[in-house]
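J.: Pasting a structure here, questions to come.
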Amino acid sequence: SQVYVQIVVPEVATEEPTEEATATPTEEPTEEATATPTEEPTETPTATPTEEPSGPDLYISELSIDPPNPQSGDTIHVRVGTYNRGNQAAGPYKVTFQYSSIPADVCVWDVSGSNAHGGRILTCDAVVYNTYTGVATTDVDDAVGETDETNNTANIEIPVPEATGVDLYISEMSVTPSNPHAGDTVTARVGVYNRGSSAAGAFWVRWRYGPGDFDVCTWEVTSMAAHGGRILTCDVTISFSFDTTTTADIHNDIAEAVETNNERTLHVEVSP
């Protein structure tokens, strides 16, 4: 007998390959670079030169005393420099030196003039009585028109030691009017002060036209406190120019710490 065998050959499956999808790359947006602005160099402006004011300019270029630490009654040598830093010459003018607490000038100089960028050294001798601020002033009468009128003074401290006990001195002298004519009546004004640490008893003060002359005015002062003073006045008729003299404690009634500072002089110029 015959046997039939059916052989089934499986169909080979062919799978078409599929192209694997590749992700489409997405282009990430890049930040667009912006150009950094470059600052254009600017030309630095040059300062416009200012024109120097034209004219004279006087000032006190130096101020000194010798000795620098005087005692009451000592004579000091005062040295003052006046200088014209302007670009034009200055005409005549006056320079003064004062003790700040006293209205009268201690030293006065008449200067005939100063060249541009030129100066003068002026000197004088003066008696010092107490601690003062010395003040030098150039062109004191404003005779010169200057480019700067605010720089005409200079100061210096003058230290004088304190006095133990009583110490009388003439603190000021003046006459009014200051430039009298012959025959005028003037008011003499005298200040007397006790710079000591103790009170003074009674004493006398006198004013004379000159040393050794007769007493023109006399005053009795009954007492004076420590660091205290008096103003004394009198009216007189004056006929000539004098170096007037005032003296405190004329009879030496008071024992003082310093006996050499009781006298003071003032020149009074009398016109015809």
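J.: Within the group ARG189, ARG120, which residue is under 25 Å from LEU63 (Cα atoms), among the basic types (Lys, Arg) and either surrounded by 19 or more Cβ atoms within 10 Å (Cβ to Cβ) or modelled with pLDDT of 95 or more (or both)? So that I can check it myself, show each step before the final result.
T.: Values: ARG189 fails: under 25 Å from LEU63 (Cα atoms).
The conditions single out ARG120.
J.: Residues in region 246-262 that are in a strand (DSSP E or B) and either of a type in the set (A, V, I, L, M, F, W, C) or modelled with pLDDT under 95 (or both): how many?
T.: 1
J.: Considering ALA257, ALA182, ALA202, which residue is aliphatic (A, V, I, L, M) and out of contact with any Asp or Glu (no Cβ under 7 Å at 6 or more places or on another chain)?
T.: Working: ALA257 fails: out of contact with any Asp or Glu (no Cβ under 7 Å at 6 or more places or on another chain); ALA202 fails: out of contact with any Asp or Glu (no Cβ under 7 Å at 6 or more places or on another chain).
Of the residues listed, the single one that is aliphatic (A, V, I, L, M) and out of contact with any Asp or Glu (no Cβ under 7 Å at 6 or more places or on another chain) is ALA182.
J.: When you look at SER100, is it modelled with pLDDT under 95 and among the polar types (S, T, N, Q), yes or no?
T.: Details: modelled with pLDDT under 95: yes; among the polar types (S, T, N, Q): yes.
Criteria met by SER100.
J.: Tell me whether region 49-72 contains one or more residues that are touching a His at 6+ places or on another chain (Cβ under 6 Å) and at negative phi.
T.: For region 49-72, residues touching a His at 6+ places or on another chain (Cβ under 6 Å) and at negative phi: present.
J.: If only one of ALA182, ALA188, ALA163 is within 38 Å of the chain's Cα centre (by Cα), touching a residue at least 40 places away in the same chain (Cβ under 8 Å) and more than 20 Å from ILE254 (Cβ to Cβ), which one is it? It would help to see each step written out before you state the result.
T.: Numbers: ALA182 fails: within 38 Å of the chain's Cα centre (by Cα); ALA163 fails: more than 20 Å from ILE254 (Cβ to Cβ).
Selected residue: ALA188, the only one of ALA182, ALA188, ALA163 that is within 38 Å of the chain's Cα centre (by Cα), touching a residue at least 40 places away in the same chain (Cβ under 8 Å) and more than 20 Å from ILE254 (Cβ to Cβ).
J.: I'm trying to understand the selection: among the residues of region 92-138, which are farther than 15 Å from ASP66 by Cα and of a type in the set (D, E, K, R)?
T.: Residues satisfying the conditions are LYS94, ASP105, ASP110, ARG120.
J.: A further question follows. Say whether the condition of being surrounded by 16 or more Cβ atoms within 10 Å (Cβ to Cβ) and closer than 18 Å to TYR129 by Cα is met by at least one residue in region 208-217. Write out each step before concluding.
T.: The initial filter retains those residues of region 208-217 that are surrounded by 16 or more Cβ atoms within 10 Å (Cβ to Cβ), namely 208-209, 216-217.
Okay, now just the ones that are also closer than 18 Å to TYR129 by Cα, so none.
Checked against the condition, which is being surrounded by 16 or more Cβ atoms within 10 Å (Cβ to Cβ) and closer than 18 Å to TYR129 by Cα, region 208-217 yields no hits at all.
J.: So, one more: Please work out if GLU263 is over 12 Å from MET173 (Cα atoms) and in the same structural domain as GLY201 (by TED's automatic domain parsing). Show your work before the answer.
T.: Values: over 12 Å from MET173 (Cα atoms): no; in the same structural domain as GLY201 (by TED's automatic domain parsing): yes.
No.
J.: On to the next question. Restricting attention to region 154-179, which residues are among the acidic types (Asp, Glu) and either at pLDDT below 95 or in contact with an Asp or Glu (Cβ under 9 Å, 6 or more places away or on another chain) (or both)? Don't jump to the end; show me each part of the working.
T.: Initially, region 154-179 is screened for residues among the acidic types (Asp, Glu), giving 157, 162, 167, 172.
Result: GLU162, ASP167, GLU172.
J.: Another one. Given region 80-194, what strands (runs of 3 or more DSSP E) lie entirely inside it while holding 2 or more residues that are among the small types (Gly, Ala, Ser)?
T.: Working: elements: 93-99, 107-111, 118-127, 132-138, 153-158, 168-176, 184-194.
The strands (runs of 3 or more DSSP E) meeting that bar are 118-127, 132-138, 168-176, 184-194.
J.: Quickly run through region 201-240 and pick out the residues that are outside any strand (DSSP E or B) and more than 35 Å from the chain's Cα centre (by Cα). Steps first, answer last, please.
T.: So in region 201-240, the residues outside any strand (DSSP E or B) come out as 201-202, 209-214, 222-223, 225-227, 239-240.
Selection gives GLY201, ALA202, TYR209, GLY210, PRO211, GLY212, ASP213, PHE214, THR222, SER223, SER239, PHE240.
The values are calculated or read from the model by the stated rules, or taken from the named source; none is laboratory data. Model, not experiment: these values are computed from the prediction. Cβ: placed from backbone, ideal geometry, glycine included. Neighbour counts: every protein chain shown.
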